[in-house]
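Have a look at the structure below, then the notes.
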């Protein structure tokens, strides 16, 4: 995803990818969502994962500690963070995970709309001063796209495989 993108275009991409993600889980019952796949991850785990990383995105944009939003303050590696997220939501019923994802997604879209073109053109450091990320001086738009539409597409492919579609 390009680092420079208009807000309207980004929201359109997010909407299209979101619809694809929802289509992948549409019609699946709670038992199917909760059934573990070969790697131990269920479809529900993938949905909770996406919701957690959207909460991370919101924390970044709000200038808060994003690791706290994930509940993974001490984790160093992404795989470790992802396992913490999976365990954190493992007992949550599938219907509740769906609601969590829908709520987090709605808040994320509202936040991106509020950023507008100007907010999306600001560097990562505008939202997270003092960060040492390699992309810290790049517009936040590319990172937002990577944590929304690109992330939905990535997990949609795994969900479709788990659902046998």
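The values are calculated or read from the model by the stated rules, or taken from the named source; none is laboratory data. This is a predicted model, so every value here is computed, not measured. Using ideal geometry, Cβ is built from the backbone for each residue, glycine included, and neighbour counts are taken over all protein chains shown.
Side notes on the structure shown:
- Which numbered condition residue 80 misses (of (1) touching a residue at least 12 places away in the same chain (Cβ under 8 Å); (2) within 28 Å of residue 25 (Cβ to Cβ); (3) loosely packed, with under 14 Cβ neighbours inside 10 Å): (1)
- Of the helices (runs of 4 or more DSSP H) lying entirely inside the range 1-74, the ones with 1 or more residues being over 17 Å from the mean Cα position of the chain (by Cα) are found at 7-25, 30-34.
- Number of the condition not met by residue 83 [criteria: (1) part of a helix (DSSP H, G or I); (2) out of contact with any strand residue (DSSP E or B) (no Cβ under 9 Å at 6 or more places or on another chain); (3) at pLDDT 95 or above]: (3)
- Residue 40, sole failed condition from (1) under 20 Å from residue 163 (Cα atoms); (2) surrounded by 14 or more Cβ atoms within 10 Å (Cβ to Cβ); (3) without any contact (Cβ under 8 Å) to a residue 60 or more places away in the chain: (2)
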